[in-house]
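Have a look at the structure below before the remarks.
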Amino acid sequence: MNFIRPASPADASRIAEIIVTNYRVNFYPFFHNDPFYFGELNVVEMASEYREGTDALSNTFVYDDGVVKGIVRLCGDEIEKLYVEPQFQSQGIGATLLDFAVNEKNARWLWALEYNMRAIAFYQRHGFHLTGEKIIEDEWVPLLKMAKA
């Protein structure tokens, strides 16, 4: 059964909740930036990115088995975001979203946080490799490029 569908405006708050939760769980431990992670980053503002008619919404797909449990956002052949609600991780949802992005939408690459070994290992298990390219986003976030082998 296929649980992946295009995101709709009704999903905006749930998408934002998943992204904000993942940023706090996965990135805050490395950066300890309270003003950003518990002030500037919030569900209300993030949800506005996913309202009707936005590019973010038109390029986002959700894993929905009755509850939206994960999201993938694409930009051409790049995976911009892939997050699963922490309570539902390690159940194959991320792998399903990644397979969809690669096989149905021809996604071929992404940027991964250099410190997020769990994410890098996940992508490597699914045929991605580190390219050797690195950028610093927002002057302090080290990202490594990964591409489909």
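The values are calculated or read from the model by the stated rules, or taken from the named source; none is laboratory data. Worth saying up front: this structure is predicted, and the values here are computed from it rather than measured. As a convention, Cβ positions derive from the backbone with ideal geometry for all residues, glycine included, and neighbour counts pool all protein chains shown.
Here is a check on your reading of the model: is LEU74 in contact with a helix residue (DSSP H, G or I) (Cβ under 8 Å, 6 or more places away or on another chain), farther than 16 Å from GLU17 by Cβ and buried (at least 16 other Cβ atoms within 10 Å of the Cβ)?
Answer is yes for this residue.
Among the residues of segment 8-28, is any closer than 26 Å to ALA95 by Cβ, at pLDDT below 90 and among the acidic types (Asp, Glu)?
Going through segment 8-28, the residues closer than 26 Å to ALA95 by Cβ turn out to be 8, 10-28.
Retained after the next criterion (residues that are at pLDDT below 90): 26-28.
Those still in the list that are among the acidic types (Asp, Glu) too: none.
No; the residues of segment 8-28 include none that is closer than 26 Å to ALA95 by Cβ, at pLDDT below 90 and among the acidic types (Asp, Glu).
Can you find even one residue in segment 34-50 that is surrounded by 18 or more Cβ atoms within 10 Å (Cβ to Cβ) and modelled with pLDDT of 95 or more?
no
Determine whether GLU85 is surrounded by 13 or more Cβ atoms within 10 Å (Cβ to Cβ) and touching a residue at least 40 places away in the same chain (Cβ under 8 Å).
Working: surrounded by 13 or more Cβ atoms within 10 Å (Cβ to Cβ): yes; touching a residue at least 40 places away in the same chain (Cβ under 8 Å): yes.
It is true that GLU85 is surrounded by 13 or more Cβ atoms within 10 Å (Cβ to Cβ) and touching a residue at least 40 places away in the same chain (Cβ under 8 Å).
Do you know which of the residues in segment 96-141 that are part of a strand (DSSP E or B) and over 17 Å from the mean Cα position of the chain (by Cα) is surrounded by the fewest Cβ atoms within 10 Å (Cβ to Cβ)?
Initial filter on segment 96-141 (part of a strand (DSSP E or B)): 109-113, 128-137, 141.
Imposing the further condition that a residue be over 17 Å from the mean Cα position of the chain (by Cα) reduces the set to 129-136.
Working: HIS129: 12, LEU130: 15, THR131: 11, GLY132: 7, GLU133: 12, LYS134: 12, ILE135: 11, ILE136: 10.
Going through the qualifying residues, I end up with GLY132.
Which of the following residues is among the charged types (D, E, K, R) and within 12 Å of the chain's Cα centre (by Cα): GLU80, GLU49?
On the way: GLU49 fails: within 12 Å of the chain's Cα centre (by Cα).
Only one candidate qualifies: GLU80.
What about ALA10, is it touching a His at 6+ places or on another chain (Cβ under 9 Å) and surrounded by fewer than 19 Cβ atoms within 10 Å (Cβ to Cβ)? Lay out the reasoning, then the answer.
Details: touching a His at 6+ places or on another chain (Cβ under 9 Å): no; surrounded by fewer than 19 Cβ atoms within 10 Å (Cβ to Cβ): yes.
Spelling it out, it is not the case that ALA10 is touching a His at 6+ places or on another chain (Cβ under 9 Å) and surrounded by fewer than 19 Cβ atoms within 10 Å (Cβ to Cβ).
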